[in-house]
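A short worksheet on the structure shown next.
We did not get these values from a lab; they are worked out from the coordinates using the rules stated. Owing to the predicted nature of the structure, the values given are computational and were not obtained by experimental measurement. We place every Cβ from the backbone using ideal geometry, glycine too, and count neighbours over all the protein chains shown.
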Amino acid sequence: MTDLTAIDVLIDPDQTMMTRAKAVNAAMRESLPVGFALDEHHQPHVTTLQRYVRSADLTEVYDAVGSVLDSVELGDLALTATGIRHIALAKDRGVGLAGIVVRPSPEVLEFQARLIAAVAPFSEDGGTADAYVRTDAEPEINQDTIDYIEHYVPEHSGASYVGHVTVGLATLDDMSALEAGPFEEFTFSPVGLSVYQLGNNGTAARRLRSWTA
């Protein structure tokens, strides 16, 4: 089997989003103390593309992403946070994974389409847990994560793309209360673009390459 790496081509958000994400994460951990904190293995970010790529071709992947980035101005990618939503985890009943939902501009969707095309020659199906970062705190990769990246294109791209910043785990009861609460929309900007190796629950676990805005 080809050695694969699960990657996330992501937007690094400015301090406005970082501050909000950490505040929501703190609320998540009050609900579920065993949930993850936003730290060096769980960097707040806005995903633009997740794929399994051949590990031997990572340098070419970076070059391909860099070539797309050279043709755009990151500051032109408009980002607006609109609310908090979650998905229920199949393995952990009664637990949800929350994200701050980000409305993409047409420029973001065009940027994503160009990234998909650029990375396609290095992408493969059939990723397993071996493609991910595993730590002592999170030694396993759940099947939800493996399947999500496997089908990211087309199920979570283009017209189906939902931008978000993953902020933590909570019980479904607490999640419902959080989602029902007030949320004031806010805008934020990219400060850079990075390629990360993914960890469990699609977290940005290990930085592989970065570009600043």
Each label sits 7 Å from Cα toward the beta-carbon; between Ser176 and Thr128 the label points are separated, in nm, by 4.0 nm
With contacts defined as alpha carbon pairs under 8 Å and 6 or more residues apart, what's the relative contact order of region 4-208 in percent? 39 percent
Suppose every K and R has +1 on its Cβ and every D and E has -1 on its Cβ; what is the size of the dipole of the chain about the Cα centre, in Debye to the nearest 20? 220 debye
How large is the helix-only mean residue ellipticity at 222 nm for the chain, computed as the sum of -39500 (n - 2.57) over DSSP H runs with n ≥ 4, divided by its residue count, in deg cm²/dmol to the nearest 500? -9000 deg cm²/dmol
Taking a ≥ b ≥ c as the square roots of the eigenvalues of the Cα gyration tensor, with a/c under 1.5 meaning rounded and otherwise prolate when a/b exceeds b/c and oblate if not, region 50-166 is oblate
Provide the net charge surrounding Ala213, with neighbours chosen by a C-beta distance below 10 Å and charges set as Lys +1, Arg +1, Asp -1, Glu -1. -3
Could you list Ser176, Ser123 in order of exposure, starting from the residue whose Cβ has the fewest other Cβ atoms within 10 Å? Ser176, Ser123
Just to confirm the filter: which GluC sites (Glu not before Pro) across region 123-189 are DSSP coil and have at most 12 other Cβ within 10 angstrom of their Cβ? Glu140, Glu184, Glu185
For region 1-42, list residues with backbone N below 11 Å from a point placed 7 Å from the Cα of Asp136 toward its Cβ? none
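Can you put Ile87, Ile149, Ile7 in order, fewest other beta carbons within 10 Å first?
Ile87, Ile149, Ile7
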Model label zone, Thr16; criterion: amide N under 14 Å from point 7 Å along Cα-to-beta-carbon; scope region 160-189: 184-189
If amide H atoms are built 1.01 Å from N in the plane of the peptide, which residues on other chains or at least 5 residues away come under 5 Å of the amide H of Leu49? Val9
